[in-house]
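Worksheet: the structure to be examined is printed underneath.
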Amino acid sequence: MNWKNSSASWGAPAKLLHWLIAALILAQIALGLTAKGWRLSPTKLELFVWHKSVGMLILALVLVRLAWRLANATPELPAGTPAWERAAARASHALLYVLMLALPFTGWIVNSAAGVPFSIFWWIPLPAIVAPDKHTADLAATVHGSLFALLALVLVVHVAAALRHHLVKRNDVLARMLPLEKR
């Protein structure tokens, strides 16, 4: 098992962070949609605590992942990959990182502007980053929802591109990110 990324493959930490963040994002989507649709009750409040806590965990893990990515080589795309596809891959990955950072921050702004005290996993107090203000909370909630819709779209494209590489182009782009890559 390779620990560091190479020009041919992702290292174990990159793979672990990729799949852990992916799983947390899927859980986050389920938590957010469930909490939003739940009637006002203690259960709804608990669901939102989980949603906000997982969001802060994702933010921390994405920062670690970004640091790892900046400190390590990025595997090269297969030879013969067209320039447009290389540009699309760079742009979509950059957009994924921006969204994975922006969503927790807009959620944090919503929570702060709503004036709701919050502790991550009921344990670590999260300071407010804006003053309480209903207009700011409503605007940030709209932005948060719009960013979620964009993230959902980009994730579909990301998964479709990985499957295209694996099933249509028959190269190792997907395989080299799998936990038990066979080389």
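Structural remarks
- Lysines whose Cα lies under 25 Å from that of K15, excluding same-chain neighbours fewer than 8 positions away: K4, K52, K169, K182
- Cα centroids of the range 145-183 and the range 44-74: 19 Å apart.
- Put simply, the amide H of I120, placed in the peptide plane, has neighbours under 5 Å in L126, leaving out anything fewer than 5 places away on its chain.
- A Cβ-based charge dipole, computed about the Cα centre of the chain with Lys and Arg at +1 and Asp and Glu at -1, lands at about 480 debye.
- Helix 42-71 vs. the chain, principal-axis angle (Cα, 0 to 90°, nearest 10): 40
- Built amide H within the under 5 Å cut-off of G11, gap 5+: N5, S6
- Order of I109, I124 under a 10 Å beta carbon neighbour criterion, fewest first: I124, I109
- Ranked L163, L59, criterion: other C-beta atoms within 10 Å, fewest first: L163, L59
Bear in mind these aren't lab numbers, they're just calculated from the coordinates by the rules spelled out. Computed from a prediction, not measured in an experiment: that's the story for all the values here. So basically every Cβ, Gly included, is an ideal-geometry build from the backbone, and we count neighbours across all protein chains shown.
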